[in-house]
Amino acid sequence: DAGVTQSPTHLIKTRGQQVTLRCSPKSGHDTVSWYQQALGQGPQFIFQYYEEEERQRGNFPDRFSGHQFPNYSSELNVNALLLGDSALYLCASSLERRGLAYGTQYFGPGTRLTVL
Amino acid sequence: AQRVTQPEKLLSVFKGAPVELKCNYSYSGSPELFWYVQYSRQRLQLLLRHISRESIKGFTADLNKGETSFHLKKPFAQEEDSAMYYCALTPHSGGSNYKLTFGKGTLLTVNP
C-alpha cells in the first residue's frame, strides 16, 4: 500500500487561473480531508469529504471547492488564484469507524502550489 | 473556536538531554489531542494521541485539562528525533473524523 498519494507534486500558476489537485486515499479509507500549509505555519483545514459529500468546511472562501468520487479519491479545485494561495496543499485520509482506530488521519506528501 | 499554541518555534538540545515540547490549547468541550511529526523530506505522520496512552519512540504526552496543556516529553533525546513537531486538536466526536486544528509547530534539533 503506497499510502495517501497526491498529484501533481509541484504546480506553478499565474494569478486568476484555476487549479485542480488530486488525492488518492490510503487503501480501505473512505474519508478525505484537505489542508493548506503556508510557509512557517501549521496545516489549516479546508474541508472534508465523506460519502461524496462535503461534511465539514474550514474558514476558506467559495473559490475553494472539492469533490469526492465513488472510489473515495478526491479533488481540490481553486478558482481565481491569488498570490496568497501559494502553499503546500495536503490531503489526509481516514476511516469512519467507531473505536480507537477512528480519527487517525494519514497524510499525503502534498502538492506545492506557486502562484505568480 | 479551537486554538492550539506551540510557544517555541525552535528548540535545540544535546543528545541524551531531556526534551519537552510545549502545547497549549483552547476549546470549550472535551477535545482529543495529537502530536504529529515531520522528519526531513518525509510526510506528516502521527506520533501519538492522548486516548491511546502509548509511548512512541520514547515520547509521552499527558493531557492536563486544568492547564489545557498537552506537552510532549522524552527523557533522553536522540539525534534521529530532530524534526518538526505539530500539536493538533479535534473535537471529541464519539467516532467521527473531524477536522484537525494544528499549532504552528516546533522545530526540534538534537545536537551530537
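The values are calculated or read from the model by the stated rules, or taken from the named source; none is laboratory data. From a predicted model like this one, the values you see are computed outputs, not experimental measurements. All Cβ positions, even for glycine, are placed from backbone atoms using ideal geometry, and neighbour counts span all protein chains on display.
Residue A:39 - would you say it is modelled with pLDDT under 95, within 23 Å of residue B:102 (Cβ to Cβ) and of a type in the set (A, V, I, L, M, F, W, C)? So residue A:39 fits the description; yes. Looking at the range A:41-82 only, could you name the residues that are surrounded by fewer than 21 Cβ atoms within 10 Å (Cβ to Cβ) and hydroxyl-bearing (Ser, Thr, Tyr)? Correct list: A:50, A:65, A:73.
One residue is enough: does the range B:15-37 have a residue meeting the conditions modelled with pLDDT of 95 or more, of a type in the set (D, E, K, R), assigned to a helix (DSSP H, G or I) and surrounded by 14 or more Cβ atoms within 10 Å (Cβ to Cβ)? Within the range B:15-37, not a single residue is modelled with pLDDT of 95 or more, of a type in the set (D, E, K, R), assigned to a helix (DSSP H, G or I) and surrounded by 14 or more Cβ atoms within 10 Å (Cβ to Cβ). It is to be established whether one or more residues within the range B:30-42 are within 12 Å of chain A (Cβ to nearest Cβ), under 25 Å from residue A:56 (Cβ atoms) and hydroxyl-bearing (Ser, Thr, Tyr). Yes, that holds for at least one residue. Looking across the range A:25-36, just one residue is among the hydroxyl-bearing types (Ser, Thr, Tyr) and more than 11 Å from chain B (Cβ to nearest Cβ), and that is A:27.
Does any residue of the range B:55-65 turn out to be more than 14 Å from chain A (Cβ to nearest Cβ), part of a strand (DSSP E or B) and buried (at least 21 other Cβ atoms within 10 Å of the Cβ)?
yes
Taken together, the residues in the range B:1-14 that are farther than 16 Å from residue A:40 by Cβ, under 17 Å from the mean Cα position of the chain (by Cα) and assigned to a loop (DSSP other than H, G, I, E, B) amount to 1. Residue A:12 meets the conditions (1) loosely packed, with under 14 Cβ neighbours inside 10 Å; (2) part of a loop (DSSP other than H, G, I, E, B) in every case but one. The failed one is (2). Taking the range A:1-23 as the range and being within 14 Å of chain B (Cβ to nearest Cβ) and small (Gly, Ala, Ser) as the test, the residues that pass are A:2, A:3. Quick check on the range A:37-75: of everything there that is part of a strand (DSSP E or B) and under 12 Å from residue A:92 (Cβ atoms), which residue is farthest from the other protein chains (Cβ to nearest Cβ)? Only one residue tops the list, namely A:74.
The residue that is surrounded by the fewest Cβ atoms within 10 Å (Cβ to Cβ), among those in the range A:16-31 that are at pLDDT 95 or above and among the polar types (S, T, N, Q), is A:18.
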